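Please treat every number below as a calculation from the coordinates, not as lab data. Not measured: the values here are computed from a predicted model. All Cβ positions, glycine included, derive from the backbone under ideal geometry; neighbour counts span all protein chains shown.
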Amino acid sequence: MSRFTHVIKRSGSIVPFRKERIANAIYRAAVAVGGRDRERSEWLSDQVLEFLEKNLLEDHTPHIEEIQDAVEKVLIEHGHAKVAKAYILYRDEQAKRRMDRGRRAAQSKENIPWRKLWYTLDWAVEHDLHTIDTLNRRLRNDEFPQIVHQSEAAYEDDVDTAAELLTDRTEELKVVIISGPSSSGKTTTTIKIEDRLSKRGLRFRPINIDNYFFDLEMHPKDEFGDYDFETPQALDLPLINEHLIALIAGEEITIPYYDFKTGTRTLDQTPMKLASNEILLIDSLHGLYPPMTEGIPEETKGKIYIEPLLQMKDTHGEYLHWADLRMIRRMLRDAEHRAYDPQRTLEHWHYVRSSELRHIIPYLSTADIVINSAMPYELPIYRRRLLDSFERWMMAYADDPVRQDAYMRAGRMYEVLKTVDPIEDESPIPPDSVIREFIGSSILKY
């Protein structure tokens, strides 16, 4: 048992010391370079702990930087140079992110769709939906049905544009990739695009990327026992790429099957072969992540990115966070369809966001088109469902230094939702709306 009881975070807060966090950090770095030896990670964490105990004073409370320095040293000294490099690169990324936090970009960044944002903001201003105050004003005038209709029409226009773009490339197109961060509305949008293209004579064949997850025991997890499904390294990327190349070449493959109840994968389960007139369809968080499709020529890919690009300011003049909107969607969907406690979704969200920033959003600029799935009428229907919960979670996490990410997000959404007028009658929302994917009662088959 370690003599260390606490560790000092960069913020200055003091949290309980848990050796398993060191082992998990090492395992994550190993997974990033293709390693999956959890026992070795545990052994290396023991070496880190032994090093710290030998080199730190008896009554010293270690700082997180001291622990991370020790991890790098131990990895290198025990011949794990690749793992050490992955760990150092991740640490460097986090440091840069902390330096940039709170700053506003002075110039355009490739991973921000500025042109699309400008169009979306212009649309919001034109329809008096650019602030919570203007939204409330329209709601008080009994305009909820009109807001729904206008919002849905804008989204459907985006889907039409995407379908037209793909139709123009039918001669070279071999695979269509529909990607975007968690709960952006990929499944509904995929169904709608496929329906439009089918009516134009195109035939699609979907492949379920979820079947390529590694066994659950091989996934990284944290000290709470929470597994990380969000990283692309949770997927067997080499096998995915191998199968995609074979399919496009006209060969038959045998798809594995992943059982989410047992957390295990069984190889060689379902034969699959594309017909000569079929286009492969990929609906995946990490569809734009280069290693997944690196063996497929770029000119044969049609790439669509989906994100709820809500352009609305709160009552303090700050733009609402898209990630918060998606977090609420995922809470409701997980509770509706997966019997998953929304509080656990909140606690897990730091994994989701971290993976998005590293593995999804940086590749937004490679997409052929960006679809905006945000509906300005979402907030009024979320208030009734989650306002009280956010207040409860905010209070529960206020003094918990380990759950500060959950506390921050819960507090931010409580402050936003309490200023929005609630809506009880949701009947104006179409049964095939992208929002039905999350709140239920959709007529689409997912």
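Numbers at a glance
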item	result
Under 16 Å from the Ile88 label point (7 Å along Cα→beta-carbon), backbone N, region 33-58	33
Cα-centre dipole for region 6-100 with unit charges at Cβ (Lys and Arg positive, Asp and Glu negative), debye to 20	520 debye
Full-stretch length increase - Thr264, Asp46 - with 0.36 nm per residue and alpha-carbon distance subtracted	75.6 nm
Residues in region 282-300 that a label on Glu172 would reach, taking backbone N under 16 Å of a point 7 Å out along Cα→Cβ	296-300
CD proxy at 222 nm, helix term only [per DSSP H run n ≥ 4: -39500 (n - 2.57); per residue of the chain; nearest 500]	-15000 deg cm²/dmol
Computed magnitude of the charge dipole of the chain (debye, nearest 20; Cβ of K, R +1, Cβ of D, E -1)	460 debye
Cross-link pairs Lys85/Lys303; Lys19/Lys73; Lys19/Lys85; Lys82/Lys261; Lys313/Lys418 - those with Cα-Cα distance over 23 Å	Lys85/Lys303; Lys82/Lys261
Relative contact order for the chain, counting Cα pairs under 8 Å that sit 6 or more residues apart, in percent	18 percent
Per-residue ³J(HN,Hα) for region 78-88, Karplus 6.51 cos²θ - 1.76 cosθ + 1.60, θ = phi - 60°, Hz, x for Gly and Pro	9, x, 10, 5, 5, 5, 4, 5, 4, 5, 5
Net dipole in debye of region 309-366 [+1 Lys, Arg Cβ; -1 Asp, Glu Cβ; about Cα centre; nearest 20]	180 debye
Phi-based couplings in Hz for region 53-59 (Karplus 6.51, -1.76, 1.60; Gly and Pro marked x)	5, 7, 10, 10, 4, 4, 9
Under the Karplus curve 6.51 cos²θ - 1.76 cosθ + 1.60, θ = phi - 60°, whole-Hz ³J(HN,Hα) for region 364-369, x wherever Gly or Pro sits	4, 5, 7, 6, 7, 7
Value of relative contact order over region 6-100, rounded to a whole percent, pairs C-alpha under 8 Å and six or more apart	32 percent
Linear extension gain, Met408 paired with Leu239, 0.36 nm per residue minus alpha-carbon span	57.0 nm
Ratio of the Cα radius of gyration of region 295-437 to 2.2 N^0.38 Å, where N counts its residues	1.15
Sparse-neighbourhood loop sites, GluC sites (Glu not before Pro) in region 283-342 - DSSP loop, at most 14 other Cβ within 10 angstrom	Glu294, Glu318
Inter-probe distance in nm under a simple model that places probes 7 Å from Cα toward Cβ, at His149 and His6	6.1 nm
Volume in Å³ per residue [convex hull over Cα atoms, computed for region 119-225]	186 Å³
Long-range HN-HN contacts of Leu281 with modeled amide H, under 5 Å	Val176, Arg205, Ile207
Other-chain or far-sequence residues with amide H under 5 Å of Ile371's (modelled H)	Tyr305, Ile306, Glu307
Sequence-distant residues sharing a close amide H with Thr264 (under 5 Å, placed H)	Leu216, Asp259
